[in-house]
Every structure is written in C-alpha cells, then in structure tokens.
Amino acid sequence: MIDINMDLTEGAGNKARFLMQMKKDGFNVPTLFIINSQIYNYIVDYNGKRKSIAESLLKLTKDNINEISLAITSLFSGFEIPVDISSEIVKRLDNNKRYAIRSSGTKEDLESLSFAGQYSTFLNVSGIEEILKGIINCYKSMYEEISLSYLINNKVDLNNYEMSVVIQEMVNSDISGIAFTLNPLTGNDKEIVVEIARGQGENIVRGKVNPESYIYNWFEKKYDYNINNKLLKKEELNNLMDTLLRIQIFFGYPCDIEFAFEAGELYILQARPITKIIYARMLDQWTTANFKDGGVSATVCKPFMWSLYEYVWESILKKFLIETKLFKDKGLRKLGNMFYGRPYWNLSVVKEAMANIPGYKEREFDSELGVRITYEEDGRTTKITLKSILKIIQVAIAQNKLTEKQNNNVENYKNELLKKYNEYTEIILEESTNRDIESIWYKLIKTDYLQSESTYFWQIFINTIQQPLFKRSLSKYTNSSNYLDLIGGLKNVSHLLPFYDIWEISRKISKDEGSLDFWINSDIEEIKKYYTENRIEYFIQDLKAHIMKFGYHSEDVGKTIKIIKDTIILDDSFSPSKNYEGQHKNYCLQLENIKQQVSSRKYKKLFSKIEKMREMLWWREELKDISIRFYYLVRVYTIKLAKNYYKKGIIKDLDDIWYLKIDDLFTFIENNIDTIQLNKIIERNRKYYTSFRNFKSENEIGAVFNKETVEIKNNTKAIVGIGCNNGIVTGIARVVDSIDEIDRLQVGDILITRFTDTGWTSKFAILKGIVTECGGILCHGAIVSREYGIPCIVSCYQVTKKIKDGSKITINGSTGEVFIYD
C-alpha cells in the first residue's frame, strides 16, 4: 500500500509530490518514500475514528477552534498503525540511518496557500517505533489549533482533508538554509534571497540563530552580502544559486526552498510555491489593466511581445502626457515594465496626470479600468481651487486641441495605414526569395508598426480622458444604467464584422440541403481538404473569401470552419443584426428620455456631444482592427526573419527570435552587438520567461496593494464587480480558463473567465451573459456584450475561483452583482 513510484501523483500532498518530481529530474534530494493519503484513511478507519473526526469538523467555527482541536487531537492518543503497514515501512528503512518525518497535507503547498509551518516535522528519528509515532503525530498536527485556525481564516474546503507523510533520510547538516527565488519583501523578481546557518534548518525557521544572508541578482549576475560572511566558499555559493534558479525554472514559478550542505555536498530538502509577496520598496502602483484585454498580460509574456508594447508605451504615452500638459518631462518615471514575466504599466504616473483633470475621482478612474481598490470613499479627488484653475485651463486647451486634431485626421490615418498594410501583404504573397527580409522587418517595426500603434493608443488615451468627463456631463439627465445604453448599439464595429460575415455564410449553407448535409456531417479535416483543393461546391469559395478578408484575426482555417459549423445550427434569433436592432432601440429610448427633460436647443447640444463620444468609441475599435492587422504582419515577418537568421546560423532555434526584444534586434541589425552577444541575451531571457511560465502574479502590484480590497458593497449574497451592460439573467455558469476551452460554451451559458479579446467574439452570440475578473466598461468584453445585448460584469475579483463550473447563477449587468444558488 506504500507508493514509492517516482511518478507518484495520487494520494500524496504537494510537498511529497514536489520532492519526487525533483528527485526524478536529477536534483540531489535525499532518498525518501511516501506514506500516501489512502493509508491515512486506512489507519483512521482501522482505529474507528472517521465518524468522530468528521462530526467534529462539521461543528468547526471561528469561535470553537480550541474546543474542536482538543476533541480531535485526543482521538490520536491511542492510535495504532496496522501490522501490514508497519511491516512495509520496515522494509524501506536502513537501521544505520536516521530519518526526517515530514507532513505532506493534501491541502498544503497550494497555488495560493502554502500552509507553511502549520504541520509538524520530526527530525533525527530512528527505529520503527519512533517512526510510527512520528507518522501518527504528523496526522495529529492536522488538527492542532494553529492548523484549524489557518483552515478557517483562509476558508479552506474541509472535504478530502487528508495527509500523506514523507519518510526521508536525514542529512547530517554542516550548514542549512532557506531560499526564496524572488525577493519576497521588495518584490524584485530577479533576486534570489538566501539565509544560512550552521546545523539544522529548524534553527533558522524558529529564529534561534542569526543567519548569514545573501542576495543574488541572477539576471545581472550581481551578489549583495556582507563581506564577513564565511560559511560558504565561492564555489559552493555559485553552485547553490545556480541550483536554486534551476528549481524555479523546473517548476515555472517562484519557490521557497529548504536545503542543506553535508561535507560540501548540496541537498534539496523541500520546495514549495511562494504564495505571498510584499512589495515594500515598490512605491509606484503597477497594473495589467487593458494589457490583458489584448492578451499580452494574460499570462507570462515572451520578451519580443512585451517589447512591442514597451516601444509604444514609452514613446507614445510619454509624448501624450507631455503634449496634453498632464505631466512635465522631468517628472516622468518609467511607464512600462515587466514583473514576474508579465507586462505592467505605471498606474501611479497616470493617476498623477489624471489628477489634473477637473472633477477627477480616483475611485471612478480605477473602476473604469477594473483596478483593485484599496482605499475608502473616492480616494484622491481634484477639487477646483484658485490655484488649480490655471492648470486645469491649460490642460483643457491642450486636450481639446489634440482631440480635435485626432478626430479630424483619423480617417486619413486609417487609410494611410491600410495602404501600408496592403503593400506588406502583397510582399508576403510574392514567391521571390531575393527580398531583403531584414530590411523589410526593420522598416515595418521601426516605422510603420509604431505609426499604427501610435494612432490606436492615441485614441485610447483621448477616450480615457474624455469618457469620464462625458459621463459626468450627462449625470443630470441619465443614471449609470441608462448611460450604458447611450454608448451601446454602435453600427459596424470592426471586430464584429467577421461574425457578421460568418453569419451570412451560415445562412447560405443552411438554405441549401446538400451543403447543409456536408457541413454538419463532415469533420473539420475533411472540410479543410476541400478548402485546400480550392473546390467550388458547398460554399467553400465563401469560406476562402472570408479567410482572405479576415485571416489576420486568425490564421487557423480549422477554427474558422469550427465557428461556421457551430453557427449553422443556430436559429435566426441569434442574428447579429437583430442584436444590433435591439441595442439601437435602447439607445433611441435613452435619447428620447433626455429630450423630454431639456429644451430643444439644449438637446441639440447634448445629442451632438453624445454622437461625438459614440464616434470616438467606434474609432477606437476601428483602430484596434488596424492594430490587429499590423500585429499579423509583425508575426509573419518576424517568422521570416527567424528563418533567415536560423539558415545563416545566427540563432540556434527558430523559437529563439521570440526571446529577444525588438531593441536587441535593432541593435544587432545596426551592427552594435555580435552573434555571441545576441545569443547570450536569448539564453538569459529564456531563463526568465521559463522560470515564471506557471506563475500567476497579481493584476496590481505595489506597496499599496498589500492592503485588502475595499468594496463599495458588502452584500454577503453576491460577488460584486462593475456592471457594463443592462439586463438580469439566470443561467449555468461556465468557468473557462482560456480561449483554448471556448468550445465548452453552450447555448444559454453565462461565461465566467479572466478576460476576453477578439478571439472570443464568435461565441458571444450564444451566451446569456459574461462575467470577467479583469477589465473596465470600455474593455473588449464590455463593448461586444453591449453590441450583442447581453449583460456583462467586469472587474469581478477572483470570480473564476469563487464560482464553480456548472453552478446556477444570476447576474445583474446594471449593478454588477453575481448571485450564486449552489
């Protein structure tokens, strides 16, 4: 019954599983075996205590933890381990060795909760009797007051609350230590922090000694420690830091690691995820808001992709803040950065700039973006004073000037960019191999991509400032709920056009019996074969025309075929045209409501203002479509460049190109670094990316975010986010982690996810509603939900964890409330 297989996954807590994984991968982990959680259940049943433990846990509350703890732990005083188990353990023991008996709870070392220090560990144990006693005491530690308090305070589910136990050969430690593979106090993600002392590591954990401390910035290869440190030789220190980094790379997330040296040999005793980071020295606030909407900050991001954003963020946002008189050049700090493998932008700088806008309220600003709120009431606000009037006038004049310029020229910007886009696509279709791909790539990124993103982001920045002013100016005539109807029902929104086209194709197919039979009964590969062969029957040419027109959204023909197959079976009630008509009707009703409240002259002015804002919102989406086109070009030409460099031996793998920033490539093309230096950058960046590939950092980071979230409402029956489109619906919650799971969505589901982008649009037609963890009222999910006429809630903190897939819920798109029934 004792599982000592190296591929152990079932019945072991994460501590045991992690040790086995490291051992299997070649890390120097002391020999061990696992008493799995099935054996825990077997022993509890053998002693007849399962019912008593379960009944006591059912009574557990914050007020009776001590009482319940005493009741359960007393049950273990007479526990016996069956002979069949003890005899198996004896077979694994060496009488000449001592052992560490380590608890490994099934709820321990989780992604968000470590349980560090909650359970017992027993060191230097020898002999079967003492080992059996240690196992029982590990079980007992599950129910000590400290453990039960942790369970209650962190709202841990008590179902399947079990434990496995690690029996591990002791290391006779000359030196022991603890390491964090990022700095848990400063938040520095490239620093490894180590504390070591003579003897056992328990002395450090319990604060019984003053350890030596070492900090190593592995990215820059810089050490920081007291020159009087003497416990480790230089070779030992280098080997330790290299091993610690390799462990983080192995797991793909920051780790809390225990280790020991015996006679100069390094042993790894334990590794667990770091679950709490304090950003004590990170004074600025940083956020991923809006970056997630484009997917760049949805998860760990390769350096190439981030550098495209950084290129725009540092140049265009900086220019915008200065030209609008919102910030002085000398006061600007870095506007974008990468933390824990994800891109963030400097929220503090933008808030300082926005505070120059009349009527600015920090809560409104954060709510619009879906930023986590950690302050009471409205936070920082801008009050009108004699001192601020001059500044506000300067800002207003600059803002109006730039807004007018953008509005007057945006059509020309679009046409110019489309012309360039078409020129680049024509080159792609050429079969000539004589083109200088390096030069084309350089011009595309250095000039034309920057122009595309500059135009798009300029529109975003203008909207960000103008939208709250616009909303405030209408507050006398409409409430927040009705306001959403005023910015909905936009016609021909660019990222909805592919679905409009697919809908028309699906209607043609559904009206033709032979085509309908072919599309329903053929699998994707068979239809793709017809596409490849350029067949003319079954509306394959319509599919080809669609790919030619909208292929920049997705180069995967199979996905497009799947969307068409899914759309064919929908009836006409799902028509995007009908959705638009419904939303436009709501818009007209709100206009009529305003019209009844004001004079005809006043209404004319308000109507003009409303139409201008709607036009600005429409252009934001139109320019986003241009941006998507240019990202398609960037991808295609970067792949061409990678093939060119691989063929010349400049890079070792085609994938290497994505581990370079565009500035690195600019520098190489300009002959300022050589191939050797380029490959060193690739190696370093690959390590950084890989070491965070399984880590989900917070959406907002900085010292201020160490505080708990402050919510406007404290309704215990509901999870509260930001309402983005009116309507109350009840349905089945479908918790979807990523777009790869999009096919799980069924007609009438309510989508629960972290964020959406343009790739989700085709599924919106079948949904009853949408709830996301991220985003503001102008994010992709909010805009598209308004066009489809379905309620939407964004910035619903940790909703993907709070709602179970398949549960029944009701969402209120006006108030932002999500009610859970089961």
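The values are calculated or read from the model by the stated rules, or taken from the named source; none is laboratory data. The model shown is predicted, which means the values in this text are computed figures rather than measured ones. Virtual Cβ from ideal backbone geometry, glycine too; neighbours counted across all protein chains shown. Quick note on the areas: whole protein, heavy atoms, side chains included, nothing else; ligands and nucleic acids left out. Shrake-Rupley method; radii C 1.70, N 1.55, O 1.52, S 1.80 Å.
I want to confirm something. Restricting to the stretch 471-525 and keeping residues that are aromatic (Phe, Trp, Tyr) and under 31 Å from the mean Cα position of the chain (by Cα), which single residue is farthest from Cys588 (Cα to Cα)?
Phe499
Can you find even one residue in the stretch 457-473 that is within 15 Å of Glu622 (Cβ to Cβ) and outside any helix (DSSP H, G or I)?
Within the stretch 457-473 (the criterion being within 15 Å of Glu622 (Cβ to Cβ) and outside any helix (DSSP H, G or I)), the answer is no, since none of the residues qualifies.
Could you check the stretch 785-808 and list, in sequence order, the residues that are under 21 Å from the mean Cα position of the chain (by Cα) and either modelled with pLDDT under 80 or not aliphatic (A, V, I, L, M) (or both)?
Answer for the stretch 785-808, where residues must be under 21 Å from the mean Cα position of the chain (by Cα) and either modelled with pLDDT under 80 or not aliphatic (A, V, I, L, M) (or both): Cys792, Ser795, Cys796, Tyr797, Gln798, Thr800, Lys801, Lys802, Lys804, Asp805.
Conditions tested, residue by residue: (1) touching an Asp or Glu at 6+ places or on another chain (Cβ under 7 Å); (2) surrounded by 21 or more Cβ atoms within 10 Å (Cβ to Cβ); (3) in contact (Cβ under 8 Å) with a residue 24 or more places away in the chain.
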| residue | (1), (2), (3) |
| --- | --- |
| Glu426 | no, no, no |
| Glu438 | no, no, yes |
| Leu444 | no, yes, yes |
| Leu474 | no, no, yes |
| Thr478 | no, no, yes |
| Asn482 | no, no, yes |
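For the stretch 457-466, check the following and say yes or no: at least one residue is closer than 29 Å to Glu426 by Cα and open to solvent by 20 Å² or more (accessible area, probe 1.4 Å). Quick ask: steps written out before the conclusion?
Residues of the stretch 457-466 that are closer than 29 Å to Glu426 by Cα, as a first pass: 457-459.
Now narrow it down to the ones that are open to solvent by 20 Å² or more (accessible area, probe 1.4 Å): 458.
Yes, the conditions are met somewhere in the stretch 457-466.
Which ones in the stretch 403-415 are open to solvent by 20 Å² or more (accessible area, probe 1.4 Å), in contact with a helix residue (DSSP H, G or I) (Cβ under 8 Å, 6 or more places away or on another chain) and not basic (Lys, Arg)?
Selection gives Asn407, Tyr413.
If you go through the stretch 357-378 one residue at a time, how many are farther than 20 Å from Tyr344 by Cβ and at pLDDT 80 or above?
Going through the stretch 357-378 one residue at a time, the tally reaches 7.
So which residues in the stretch 800-811 are more than 15 Å from Gly731 (Cβ to Cβ) and either in contact with a strand residue (DSSP E or B) (Cβ under 7 Å, 6 or more places away or on another chain) or open to solvent by less than 10 Å² (accessible area, probe 1.4 Å) (or both)?
If the condition is that a residue be more than 15 Å from Gly731 (Cβ to Cβ) and either in contact with a strand residue (DSSP E or B) (Cβ under 7 Å, 6 or more places away or on another chain) or open to solvent by less than 10 Å² (accessible area, probe 1.4 Å) (or both), then Thr800, Lys802 are the ones that fit.
Residue-by-condition table, conditions (1) surrounded by fewer than 20 Cβ atoms within 10 Å (Cβ to Cβ); (2) touching a Lys or Arg at 6+ places or on another chain (Cβ under 8 Å); (3) not in a helix (DSSP H, G or I):
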{"site": "Phe250", "(1), (2), (3)": "yes, no, no"}
{"site": "Ala260", "(1), (2), (3)": "no, no, yes"}
{"site": "Asn290", "(1), (2), (3)": "no, no, yes"}
{"site": "Ile316", "(1), (2), (3)": "no, no, no"}
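Restricting attention to helices (runs of 4 or more DSSP H) lying wholly within the stretch 516-635, give those where 2 or more residues are within 30 Å of Asn409 (Cβ to Cβ) and either open to solvent by less than 40 Å² (accessible area, probe 1.4 Å) or not aliphatic (A, V, I, L, M) (or both).
Those helices (runs of 4 or more DSSP H) span 540-550, 576-595.
Against the conditions (1) modelled with pLDDT under 85; (2) crowded, with 20+ Cβ neighbours inside 10 Å; (3) of a type in the set (Gly, Ala, Ser), where does Ser814 fall short? Just the number, please.
So the condition that Ser814 fails would be (2).
Quick check on the stretch 607-628. Is at least one of its residues of a type outside the set (Ser, Thr, Tyr) and without any contact (Cβ under 8 Å) to a residue 12 or more places away in the chain?
Within the stretch 607-628, one or more residues are of a type outside the set (Ser, Thr, Tyr) and without any contact (Cβ under 8 Å) to a residue 12 or more places away in the chain.
Please tell me if Ile657 is part of a helix (DSSP H, G or I) and buried (at least 19 other Cβ atoms within 10 Å of the Cβ).
For Ile657, the condition - part of a helix (DSSP H, G or I) and buried (at least 19 other Cβ atoms within 10 Å of the Cβ) - is met.
Any residue in the stretch 81-104 that is under 14 Å from Tyr40 (Cα atoms) sitting within a Cβ distance under 7 Å of a residue that is at pLDDT 90 or above and open to solvent by 60 Å² or more (accessible area, probe 1.4 Å)? List the pairs, counting only those 6 or more apart or interchain.
The qualifying pairs are Pro82/Tyr46.
Can Lys51 be described as within 30 Å of Tyr267 (Cα to Cα), modelled with pLDDT of 90 or more and surrounded by fewer than 19 Cβ atoms within 10 Å (Cβ to Cβ)?
Values: within 30 Å of Tyr267 (Cα to Cα): no; modelled with pLDDT of 90 or more: yes; surrounded by fewer than 19 Cβ atoms within 10 Å (Cβ to Cβ): yes.
Judged against the criteria, Lys51 is not a match.
Quick one: count up the residues across the stretch 636-652 that are open to solvent by less than 20 Å² (accessible area, probe 1.4 Å) and small (Gly, Ala, Ser).
The qualifying residues number 1.
Residues being part of a strand (DSSP E or B) and open to solvent by 10 Å² or more (accessible area, probe 1.4 Å): count how many of those fall in the stretch 262-288.
Qualifying residue count, the stretch 262-288: 8.
Filter the stretch 155-179 for residues that are open to solvent by 60 Å² or more (accessible area, probe 1.4 Å) and within 30 Å of Tyr279 (Cβ to Cβ) and give the result.
Once the filter is applied, which keeps residues that are open to solvent by 60 Å² or more (accessible area, probe 1.4 Å) and within 30 Å of Tyr279 (Cβ to Cβ), the stretch 155-179 yields Lys155, Asp157.
Here is a check on your reading of the model: is Lys680 surrounded by fewer than 16 Cβ atoms within 10 Å (Cβ to Cβ) and either hydroxyl-bearing (Ser, Thr, Tyr) or at pLDDT below 85 (or both)?
Working: surrounded by fewer than 16 Cβ atoms within 10 Å (Cβ to Cβ): yes; either hydroxyl-bearing (Ser, Thr, Tyr) or at pLDDT below 85 (or both): no.
In short, no.
In the stretch 212-248, how many are under 30 Å from Glu698 (Cβ atoms), open to solvent by 40 Å² or more (accessible area, probe 1.4 Å) and more than 27 Å from the chain's Cα centre (by Cα)?
8
From (1) of a type in the set (Gly, Ala, Ser); (2) at pLDDT below 85; (3) buried (at least 17 other Cβ atoms within 10 Å of the Cβ), pick out the condition that doesn't hold for Gly341.
So the condition that Gly341 fails would be (2).
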